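Structure first, commentary second.
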Amino acid sequence: MFLLGRHSSPWMILRERIMTCIQALSEAAFGEVDEFARVQGWQVRKRLWGRTYRDPRFDSLMACAACSGTGGECRNCGGSGRIGLLKDRARGCDGTSEGDGSS
Ligand SMILES: [Zn+2]
């Protein structure tokens, strides 16, 4: 927010009060959803009239090198055209999941 001094104009004071009210309304409207997003580990971008929520796990997706991201009948990506780095990292080198008892 802005710092108001002795020489602030009435318009600046009014603007500051309106912005404070809008911010309070925004927190009241989105507070519960913001908390849910934080618990999920999502990124929250706050704007004056809304929010943008993003799951950072989307950063772990990349195009499949075997099919150049085209998918189709690619066995490497299952036809999706993308590889999830987190999912592949959780798998062992032999393609089995860690801790699932299969080997
Ligand atoms: Zn592929």
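Assorted remarks:
- Residue, farthest from GLN23 (Cα to Cα), within region 41-71, restricted to residues that are loosely packed, with under 10 Cβ neighbours inside 10 Å and not basic (Lys, Arg): PHE58
- Number of the exception - ARG17 against (1) in contact with a Gly (Cβ under 8 Å, 6 or more places away or on another chain); (2) more than 29 Å from GLY84 (Cβ to Cβ): (1)
- For beta carbons closer than 9 Å, sequence separation of 6+ or different chains, a first residue in region 14-32 that is modelled with pLDDT of 95 or more and a second that is in a helix (DSSP H, G or I) and of a type outside the set (Gly, Ala, Ser), there are no qualifying pairs.
- Cβ pairs under 8 Å, 6+ apart, first in region 61-77 and at negative phi, second among the aliphatic types (A, V, I, L, M) and part of a loop (DSSP other than H, G, I, E, B): CYS74/ALA66; ARG75/ALA66; ASN76/ALA65; ASN76/ALA66; CYS77/ALA66
- Odd one out for GLU35 among (1) touching a Leu at 6+ places or on another chain (Cβ under 7 Å); (2) part of a helix (DSSP H, G or I): (1)
The values are calculated or read from the model by the stated rules, or taken from the named source; none is laboratory data. Just so you know, these numbers come straight off a predicted model, no measurement behind them. Reconstructed Cβ throughout: ideal geometry from the backbone, glycine too, with neighbour counts over all protein chains shown.
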